[in-house]
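First the structure, in the form of structure tokens, and then the observations on it.
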Amino acid sequence: RKVARVRLMASKPDTPLASQQTLQGGLSNDMLISLSMNFNNDGASQDELVSNLHRNGILKTESVIDAMKKTDRKDFVNPKHGPLYEDKPRNIGCEATITSPHMHAIALEALFSEDETESESTSRREKPFIGLDIGCGSGYLTVCMGHILASDDSKIYGIDHARELIELSRNNTAKSHQSFLDSGRVAYYEGDGFLGLPEKGPFDFIHVGAAVEEIPEELVNQLTPGGALVIPVGPQGGEQKLVKLTKLSSSSASSDVRKEEIMTVVFSRMNDEPPKSEKEKAQGVDLFEF
């Protein structure tokens, strides 16, 4: 494949990276995408929803299909906001949403490859991997990654800027996946997603649930050789691309990163929560594990 030069951002932008998409000021990211989807993916259950996504060609990879079947959306959405298994985003508080199922499917397919071989699938069950979900929001995709990277020694970390969302992610995970928390396979952190989570890396897989105008260099530097990063890239309110970066070597040179554009998307950022004390205003919020 052609290796593309990728522009990396050395410092974080003024607007902090956020969890998922905002409903404020109009349609959310994947509401816009949903309008362009001609498929009816809705189901009466998680199994039916996933089967429809598979039938319509959105889900292709066996490990991703299996993970989404095991991660029931009912644990991550409020039924007051609409049918549980509609292919639509749902409000989760803090001006954030859980993304629609087809976008979860697309992101996981991008990370874990529609061309997955049997040996790769077996390797993910047996070999330890480390994953990072930036903007974890409800915790849904973090738990899916926990199923795909199924080795006992694999670790998946979710990070978000809002403490309420980190608590939500942990509570949602505990409903049906308490063992993930007890074993340490899944852990959640409050912190600045633009900086990644360097003390827990390097990472084999990184997913970012909010758009950046330029790809943060810190995130690429935290990938293992061969590691993959899926991230929406483009200006706020403008055309953006869901991009997959694969790090080809241990070098930090942009020429050693392969870039693939997956599809056009419209993702947005949200403002960080206001600091909770004068000390935090001066120093920022420390990384905090839940």
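Could you please give the count of residues in the range 205-257 that are part of a strand (DSSP E or B) and either closer than 26 Å to A150 by Cβ or acidic (D, E) (or both)?
The number of residues fulfilling the criteria is 18.
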Scanning the range 182-204 residue by residue, the ones that are outside any loop (DSSP other than H, G, I, E, B) and open to solvent by less than 20 Å² (accessible area, probe 1.4 Å) total 8
Does S119 satisfy being at pLDDT below 95 and either assigned to a helix (DSSP H, G or I) or hydroxyl-bearing (S, T, Y) (or both)?
yes
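The values are calculated or read from the model by the stated rules, or taken from the named source; none is laboratory data. Here the structure is a predicted model, which means the values were calculated and not measured. Backbone-built Cβ (ideal geometry, glycine too); neighbour counts: all protein chains shown. Accessible surface areas use protein heavy atoms only, side chains included; no ligands, DNA or RNA. Shrake-Rupley method; radii C 1.70, N 1.55, O 1.52, S 1.80 Å.
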